[in-house]
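J.: One structure follows; several queries about it will come next.
The values are calculated or read from the model by the stated rules, or taken from the named source; none is laboratory data. Quick caveat, the model's predicted, so the values are computed rather than measured. For neighbour counting, all protein chains shown are included, and Cβ atoms are generated from backbone atoms with ideal geometry for every residue, glycine included.
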Amino acid sequence: MDQKFFLAANSGQGFVSCYAGFPAEPQFLHIIKGGPGTGKSGFMKQIRAAAQERGVDTVSILCSGDPDSLDGLSIPALGLAWVDGTAPHTREPELFGADADYVNLGRFCRLPLSENDSARARALNREYKARYKAAYGKLAAAAALEKAEELPDAAVTREEEARVRAILDALPDRESIPDAAPDQAACNCERRFISAISCAGELCLEETVNSLCKQNYWLRGGSAVLEQAAVWAERKTAHVIRCPRPLCPDQLEAVLLPATGIALRRAPAPIAVPAGERASSRAALADGIEELRAAKALHDKLEAVYRPYMDFAALTAYTDETVEKLFG
């Protein structure tokens, strides 16, 4: 099984990252370094494919900018994880050699770039970052419009809070949950995105939710109810995954309880503003997505500048060697 999550969001608050909490379990982390087009995602995909061929479970972290690309990979059975440690989610070991090390894929790139290619790379990099800045401005507008259009969380009824409490009170105590160690004093709490606003539009990883949770409860009242539910759940169960909304990451869209197979999810908020008076948040969101698509196209061009400098034969040999060491 391969569970997929996002660890970052293109949001109304700019780029929001949860990468500091990856991996959630104690695992040795390989931090991958290398410039655009040096094969970081492909390297992780090859390791994932080898694990899947052998029936080994994986956790894939999809890139919020390009969901077809991998930014992280965890293989719990091996106690190992990999992450793209370059900007905007730069990562360094807490203690090199003890908890993490580096994988330098940049060594397969013959540098420096030529004068013409250096100038082109700089220009594309500037344009690419400008597109992201424009996208975040439009997503901020979408978030503000959405909050103005919807009824506030204060509209939550006591009946809905009572419903949440009843769901959680029905859960078994932590010590009776199979995944919980008898002496586990604290809940394993994670922050993961199950949705993204990307160059591919709005995405939701329903397959991941359904693989972890067989029961979905849709809650009215938005983030206020879900925040309270998360607090109550952390006292009750061994594993809680808080899932922020990508557009407004200060709000939750779901609370997943894998140990009990329950997902608490945000139902669409009622609209407070009549349609004829509404400045559509959806239109602003669509504009932001178009900027993200333009940014992706520029990044593809930036990667293409580096591709002729890559020794892909050497990279493939190194990848095959790594897979052989991992799986024999």
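J.: Just to check your reading of the model, which residue among GLY85, GLY106, GLY65 is under 14 Å from PRO36 (Cα atoms) and modelled with pLDDT under 95?
T.: Details: GLY85 fails: modelled with pLDDT under 95; GLY106 fails: modelled with pLDDT under 95.
One residue alone meets the criteria, GLY65.
J.: Which of the following residues is modelled with pLDDT of 80 or more, assigned to a helix (DSSP H, G or I), touching a strand residue (DSSP E or B) at 6+ places or on another chain (Cβ under 7 Å) and over 27 Å from LEU62 (Cα atoms): VAL225, VAL209? Give the derivation first.
T.: Values: VAL209 fails: over 27 Å from LEU62 (Cα atoms).
Of the residues listed, the single one that is modelled with pLDDT of 80 or more, assigned to a helix (DSSP H, G or I), touching a strand residue (DSSP E or B) at 6+ places or on another chain (Cβ under 7 Å) and over 27 Å from LEU62 (Cα atoms) is VAL225.
J.: Take the residues of segment 141-166 that are assigned to a helix (DSSP H, G or I) and loosely packed, with under 12 Cβ neighbours inside 10 Å: which is modelled with the lowest pLDDT?
T.: So in segment 141-166, the residues assigned to a helix (DSSP H, G or I) come out as 141-149, 153-155, 158-166.
Filter once more, so that each one left must be loosely packed, with under 12 Cβ neighbours inside 10 Å: 154, 158-159, 162, 166.
Numbers: ALA154: 53, ARG158: 72, GLU159: 75, ALA162: 84, ALA166: 89.
In this case the residue turns out to be ALA154.
J.: Additional query: Of the residues ALA77, ALA119, only one is outside any loop (DSSP other than H, G, I, E, B), aliphatic (A, V, I, L, M) and under 20 Å from LYS301 (Cα atoms); which? Steps first, please.
T.: Details: ALA77 fails: under 20 Å from LYS301 (Cα atoms).
Result of the check over ALA77, ALA119: ALA119.
J.: Give me the residue from segment 8-23 that is farther than 16 Å from ILE194 by Cα and in contact with a helix residue (DSSP H, G or I) (Cβ under 7 Å, 6 or more places away or on another chain) and, out of that set, surrounded by the fewest Cβ atoms within 10 Å (Cβ to Cβ).
T.: The residue in question is GLY14.
J.: Out of PRO112, PRO26, which single residue is at pLDDT 95 or above, assigned to a loop (DSSP other than H, G, I, E, B) and surrounded by fewer than 19 Cβ atoms within 10 Å (Cβ to Cβ)? Walk me through it before giving the result.
T.: Values: PRO26 fails: at pLDDT 95 or above.
Answer to the check: PRO112.
J.: So ALA98 ticks every box in (1) exposed (fewer than 15 other Cβ atoms within 10 Å of the Cβ); (2) in contact with a strand residue (DSSP E or B) (Cβ under 7 Å, 6 or more places away or on another chain) but one. Which box is left unticked?
T.: ALA98 satisfies every listed condition except (2).
J.: Report whether or not GLU234 is in a helix (DSSP H, G or I), touching a strand residue (DSSP E or B) at 6+ places or on another chain (Cβ under 7 Å) and in contact (Cβ under 8 Å) with a residue 40 or more places away in the chain. Full working, then the answer.
T.: On the way: in a helix (DSSP H, G or I): yes; touching a strand residue (DSSP E or B) at 6+ places or on another chain (Cβ under 7 Å): yes; in contact (Cβ under 8 Å) with a residue 40 or more places away in the chain: yes.
Criteria met by GLU234.
J.: On to the next question. For segment 288-300, state whether one or more residues are free of Cβ contacts under 8 Å to residues at least 60 places away in the same chain, closer than 18 Å to ARG110 by Cα and in a helix (DSSP H, G or I).
T.: No, because not a single residue in segment 288-300 is free of Cβ contacts under 8 Å to residues at least 60 places away in the same chain, closer than 18 Å to ARG110 by Cα and in a helix (DSSP H, G or I).
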